[in-house]
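S.K.: One structure, as structure tokens, below. Some questions next.
The values are calculated or read from the model by the stated rules, or taken from the named source; none is laboratory data. Since the model is a prediction, treat every value here as computed from it, not as a measurement. Every residue, glycine among them, receives a Cβ derived from its backbone with ideal geometry; neighbour counts consider all protein chains shown. Just so you know, the surface numbers come from the protein's heavy atoms only, side chains and all, with ligands and any DNA or RNA stripped out. Shrake-Rupley method; radii C 1.70, N 1.55, O 1.52, S 1.80 Å.
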Amino acid sequence: MMRRYEASGRLDWPGLMRAGLVGLRLRPQEFWALSPAELALLLGDMPKARPLTRARLEELAQAFPDRRGPEGESNG
């Protein structure tokens, strides 16, 4: 994972620019058009989603049940 912040808590712009312009081979216009979230995604610097377990699926199904229409068909 790339270090995005300097010890001072400020963004490491030289490092981010190097990663975007050299590592990803973005043109300056493309680099500056990206949001921080988009750049992090391109750099693989996003937290990994946990796999959906059976228990979590059941928890979600209880929290957000399918609704039945007037004819009994599912609306979800």
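S.K.: List every residue pair whose Cβ atoms sit under 9 Å apart, with the two residues 6 or more apart in sequence or on different chains, where the first one lies in segment 41-54 and is under 16 Å from Phe31 (Cα atoms) and hydrophobic (A, V, I, L, M, F, W, C) and the second, anywhere, is part of a loop (DSSP other than H, G, I, E, B) and modelled with pLDDT under 90.
M.R.: Partner pairs satisfying both residue conditions: Leu43/Met1; Leu43/Met2; Leu43/Arg4.
S.K.: State whether one or more residues within segment 60-69 are assigned to a loop (DSSP other than H, G, I, E, B), hydrophobic (A, V, I, L, M, F, W, C) and surrounded by fewer than 10 Cβ atoms within 10 Å (Cβ to Cβ). First the steps, then the outcome.
M.R.: We begin by selecting, within segment 60-69, every residue assigned to a loop (DSSP other than H, G, I, E, B); these are 64-67, 69.
If we keep only those that are hydrophobic (A, V, I, L, M, F, W, C) too, we end up with 64.
From what's left, surrounded by fewer than 10 Cβ atoms within 10 Å (Cβ to Cβ): 64.
Yes - at least one qualifying residue is present in segment 60-69.
S.K.: If only one of Gly76, Gly44 is open to solvent by less than 70 Å² (accessible area, probe 1.4 Å), at pLDDT below 90 and assigned to a loop (DSSP other than H, G, I, E, B), which one is it?
M.R.: Going through Gly76, Gly44 in turn, just one is open to solvent by less than 70 Å² (accessible area, probe 1.4 Å), at pLDDT below 90 and assigned to a loop (DSSP other than H, G, I, E, B): Gly44.
S.K.: Just to be sure I understand, how many residues within segment 21-41 are open to solvent by 90 Å² or more (accessible area, probe 1.4 Å), at pLDDT 90 or above and not charged (D, E, K, R)?
M.R.: 3
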